[in-house]
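The values are calculated or read from the model by the stated rules, or taken from the named source; none is laboratory data. Keep in mind that this is a model prediction, so the values were computed, not measured. Cβ placement follows ideal geometry from the backbone for every residue including glycine, while neighbour counts extend to all protein chains displayed. For accessibility, only protein heavy atoms count, side chains too; no ligands or nucleic acids. Shrake-Rupley method; radii C 1.70, N 1.55, O 1.52, S 1.80 Å.
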Amino acid sequence: MPTAKAEQAARTRQRVLLAAAEVFDEAGYEKASVTQIVERAGLTLGALYFHFGSKQGLAEALMNAQPTTIEPRLTSTGLQRLVDITLVWADRMKRDPVLRAGVRLATEQGSHGMNDATSFEEWRALMCSHLDVARSSGELRDGVDTDRLARFVVGACTGMQVYSDLATKRDDLMERVCDMWDFLLPSIASEAVLRDIHVGPTRLPAQ
């Protein structure tokens, strides 16, 4: 059982993370300051440095937190799980500052001196794990390379959200993700399951 002190530390860490997400999402890495972040959190600089070490440490934590904003919401498996990850991601990009900040920091990091593909690789590995389940269940066509497919989906979603943000402030991101699957599923899903894979906002879990 966690102690009261550990629980307090976890709550403090989450307050800093959420405040940092809001500031990074609004201002970007370069313009965000640790002073703004702790003021938003209602905490001290000491709390920020204790939990994250630096502004860059905060940014890395947010980039790597992306899957935790989505995976716990899902119960599907295999290929449907992969589809559902992208659908929930598209939906939450409009209203989850932790996810939005993580995506912004990951895609803009070249402009502020970081060059770390870890968050992208973690998405790829996660998607590969669900595709491996799909393969073992006979959901994939013969010859589908799960690592290449996962890499493609990560790259496609990264580009789609940038394009959608510029064009519609991400209002059409869900539509773009659905279009991707409409094109992609017939070439990767086995005939036995193709009609059973569902795409669209109806797949979103209850809030």
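Taking segment 19-73 as the region of interest, how many residues are under 22 Å from Arg92 (Cβ atoms) and without any contact (Cβ under 8 Å) to a residue 12 or more places away in the chain? Residues that pass the stated criteria total 4. Here segment 184-205 is the region considered, the condition is being open to solvent by 20 Å² or more (accessible area, probe 1.4 Å) and polar (S, T, N, Q), and the residue that is farthest from Met174 (Cα to Cα) is Ser187. Taking the criterion of being within 17 Å of Ser33 (Cβ to Cβ) and among the β-branched types (Val, Ile, Thr), the only residue of segment 1-21 that qualifies is Val16.
The residue that is farthest from Met63 (Cα to Cα), counting only those in segment 1-18 that are in contact (Cβ under 8 Å) with a residue 12 or more places away in the chain and of a type in the set (Val, Ile, Thr), is Thr12. Among the helices (runs of 4 or more DSSP H) confined to segment 1-116, the ones with at least 2 residues that are of a type outside the set (Gly, Ala, Ser) and within 30 Å of Arg148 (Cα to Cα) are located at 55-64, 78-92, 97-108. Exactly one residue out of Arg100, Arg95, Arg104 is free of Cβ contacts under 8 Å to residues at least 24 places away in the same chain, open to solvent by 20 Å² or more (accessible area, probe 1.4 Å) and basic (Lys, Arg), and it is Arg95. Filtered by the rule that a residue be open to solvent by less than 30 Å² (accessible area, probe 1.4 Å) and either of a type in the set (Ser, Thr, Tyr) or within 13 Å of the chain's Cα centre (by Cα) (or both), segment 72-92 gives Ser76, Leu82, Asp84, Ile85, Thr86, Leu87, Val88, Trp89, Ala90, Asp91, Arg92. Test Ser129 against the stated conditions and say whether it is among the small types (Gly, Ala, Ser), within 15 Å of the chain's Cα centre (by Cα) and surrounded by 12 or more Cβ atoms within 10 Å (Cβ to Cβ). Spelling it out, it is not the case that Ser129 is among the small types (Gly, Ala, Ser), within 15 Å of the chain's Cα centre (by Cα) and surrounded by 12 or more Cβ atoms within 10 Å (Cβ to Cβ).
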